[in-house]
């Protein structure tokens, strides 16, 4: 039952998004870079980086994602799980 519900939910997300990472290959590369950054960082490094200003590259990417809801959806769907897991394991989110 749980597997069927999960599969149905995943299918609904894919259909609603209407786009995939393959439509934005550069975005996929950036998402993988972000995921890798979080996976390789120690909890102490993440705590230290938390309040620091973003680089120009990061600021440009953030602005691009703010301006394009489809790209933002694809990006967040790709990075949310790995980032949330890391932050949870570091005690940075409840």
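The values are calculated or read from the model by the stated rules, or taken from the named source; none is laboratory data. This structure is a prediction, so every number in the text was calculated from the model and none was measured. Reconstructed Cβ throughout: ideal geometry from the backbone, glycine too, with neighbour counts over all protein chains shown.
So the values come out like this:
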quantity: Residue pairs meeting the criteria (Cβ under 8 Å; at least 6 apart or on separate chains; first over 19 Å from residue 72 (Cβ atoms), in the stretch 20-46; second in a helix (DSSP H, G or I) and at pLDDT 90 or above); calculated: 39/82; 39/86; 41/49; 41/86; 43/89; 46/38; 46/86; 46/87
quantity: Given (1) surrounded by 14 or more Cβ atoms within 10 Å (Cβ to Cβ); (2) under 13 Å from the mean Cα position of the chain (by Cα); (3) within 12 Å of residue 27 (Cα to Cα), index of the condition residue 62 fails; calculated: (1)
quantity: Hits in the stretch 36-46 - residues which are farther than 16 Å from residue 84 by Cβ and assigned to a helix (DSSP H, G or I); calculated: 40, 44, 45
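Quick grid of which residues meet (1) surrounded by 10 or more Cβ atoms within 10 Å (Cβ to Cβ); (2) at pLDDT 90 or above; (3) assigned to a helix (DSSP H, G or I):
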| residue | (1), (2), (3) |
| --- | --- |
| 7 | yes, no, yes |
| 34 | yes, yes, yes |
| 58 | yes, yes, yes |
| 70 | yes, yes, yes |
| 92 | yes, yes, no |
